[in-house]
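Peer 1: Encoded as structure tokens, here's the structure I'll be asking about.
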Amino acid sequence: MNFLVAAYAVLWAISFGLVFSMVWRQRKIESEMQTLHVLIDDQPRLVDDEPRAEQEW
Amino acid sequence: MKQKKDTWLLVLTALGAVLVMVAIYLALVRAPEASLNSETGRYAQRIIYFHIATAWVGFLAFFVTFIGGIGYLRTGERKWDIIALSSAEIGTVFMLGVLISGSIWAKPAWGVWWVWDERLTISLIQFLVYVGYLMLRSAVEDPARRARFAAVYGIVAFISVPINFIAIRMWRTQHPLMFGSEEGGLGPNMMFAFFFSLTTFTVWYAILMWHRFRLEQTRDNLEQLKQRILD
């Protein structure tokens, strides 16, 4: 019976491991994208801020 | 829209996990015992409910890689390349499952973990061929070139599927023939658990494909974003 349990455990460890690895990779990429989005969103504001600062000066 | 899709995928994944639990219950508890002499043999026989279903998903996945390759060469659209890649990755993992579960069955049934039998050897070669596919992809830098090479490789590699399938019919191998044989094989009362397992694995494959496809699309978006920043 032990080898039967081992067989099923191995199969499902592989299968669910694949799902978890995909979800983990997905989250990693999404967090990287979020960081980049923040970077892109901040860039025009910095550019916009410069003339405004000049105007105030 | 994206959030709705993500919720759907989450629900489907949970549903798939439940189906898996039911399939395990059917295979281990509900399925009738095989009419074999040894107790070990009767237990070992229960591996086939998952072993065959895993092999089926492996073959299906490689067929989808084959279709993805043809689709990419015909249209040049990235989505076909993603389909081929996703399917090859899942198929390779499932083929590894086939080799491991078969080996675990072989120990009590044949007394050894592995024999260099035609069927087993072809299965191992097939697994290595698709590992080669994934290695090829990681070795080519240019995306268009990588997709083209992979498409051709995926189409040619698919030859291994029919060869593997007919191996037990063409050669006198030790591997048992589950369907169409007069001795051994699956009895009619084992069919429900078997087909339930087969359906579960097919649904599971579809769920995995969705996950993998989504991952690759997000990766593409990330690359585009990086390019935008660099420009």
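The values are calculated or read from the model by the stated rules, or taken from the named source; none is laboratory data. Since this is a predicted model, take the numbers as computed values, not measurements. Cβ: placed from backbone, ideal geometry, glycine included. Neighbour counts: every protein chain shown.
Peer 1: Name the residue, out of B:Val29, B:Val98, B:Val57, B:Val93, that is free of Cβ contacts under 8 Å to residues at least 24 places away in the same chain, β-branched (Val, Ile, Thr) and crowded, with 20+ Cβ neighbours inside 10 Å. Break it down into steps so the answer makes sense when it comes.
Peer 2: Numbers: B:Val29 fails: crowded, with 20+ Cβ neighbours inside 10 Å; B:Val98 fails: free of Cβ contacts under 8 Å to residues at least 24 places away in the same chain; B:Val57 fails: free of Cβ contacts under 8 Å to residues at least 24 places away in the same chain.
Just one listed residue meets the conditions, B:Val93.
Peer 1: So the check is Cβ under 7 Å with 6+ separation or different chains; which pairs have a first residue in the stretch A:13-32 that's more than 18 Å from B:Leu12 (Cβ to Cβ) and at the interface with another protein chain (Cβ under 7 Å from one of its Cβ atoms) and a second one that's surrounded by 15 or more Cβ atoms within 10 Å (Cβ to Cβ) and hydroxyl-bearing (Ser, Thr, Tyr)?
Peer 2: Close Cβ pairs (under 7 Å, with a partner that is surrounded by 15 or more Cβ atoms within 10 Å (Cβ to Cβ) and hydroxyl-bearing (Ser, Thr, Tyr)) amount to A:Ile29/B:Thr218; A:Glu30/B:Thr218.
Peer 1: Let me ask another. Please pick out the residue among B:Tyr130, B:Tyr72 that is aromatic (Phe, Trp, Tyr), in a helix (DSSP H, G or I), more than 13 Å from every other protein chain (Cβ to nearest Cβ) and more than 14 Å from the chain's Cα centre (by Cα).
Peer 2: Exactly one of B:Tyr130, B:Tyr72 is aromatic (Phe, Trp, Tyr), in a helix (DSSP H, G or I), more than 13 Å from every other protein chain (Cβ to nearest Cβ) and more than 14 Å from the chain's Cα centre (by Cα), namely B:Tyr72.
Peer 1: Can I ask one more? Name the pairs: first residue in the stretch B:188-215 and within 14 Å of another protein chain (Cβ to nearest Cβ) and under 14 Å from A:Val19 (Cβ atoms), second residue among the acidic types (Asp, Glu) and crowded, with 19+ Cβ neighbours inside 10 Å, Cβ to Cβ under 7 Å, at least 6 apart or on different chains?
Peer 2: What qualifies is B:Arg212/B:Glu89.
Peer 1: Another question, then. Look through the stretch B:140-169, keep the residues that are at pLDDT below 90 and surrounded by 17 or more Cβ atoms within 10 Å (Cβ to Cβ), and return whichever of them is farthest from B:Phe66 (Cα to Cα).
Peer 2: Selected residue: B:Ile168.
Peer 1: Search the stretch B:106-118 for residues that are within 13 Å of chain A (Cβ to nearest Cβ) and pair each with any residue that is assigned to a loop (DSSP other than H, G, I, E, B) and not small (Gly, Ala, Ser) when their beta-carbon atoms are under 8 Å apart and the residues are at least 6 apart or on different chains.
Peer 2: B:Ala106/B:Val112; B:Ala106/B:Trp113; B:Ala106/B:Trp114; B:Ala106/B:Val115; B:Lys107/B:Trp113; B:Trp110/B:Gln174
Peer 1: Would you call B:Gly180 assigned to a loop (DSSP other than H, G, I, E, B), modelled with pLDDT under 90, touching a Pro at 6+ places or on another chain (Cβ under 6 Å) and at positive phi? Spell out the reasoning first.
Peer 2: Numbers: assigned to a loop (DSSP other than H, G, I, E, B): yes; modelled with pLDDT under 90: yes; touching a Pro at 6+ places or on another chain (Cβ under 6 Å): no; at positive phi: yes.
In short, no.
Peer 1: Do the conditions hold for B:Arg145, that is, is it more than 25 Å from A:Trp12 (Cβ to Cβ) and out of contact with any Phe, Trp or Tyr (no Cβ under 9 Å at 6 or more places or on another chain)? Write out each step before concluding.
Peer 2: Details: more than 25 Å from A:Trp12 (Cβ to Cβ): yes; out of contact with any Phe, Trp or Tyr (no Cβ under 9 Å at 6 or more places or on another chain): yes.
The answer is yes for B:Arg145.
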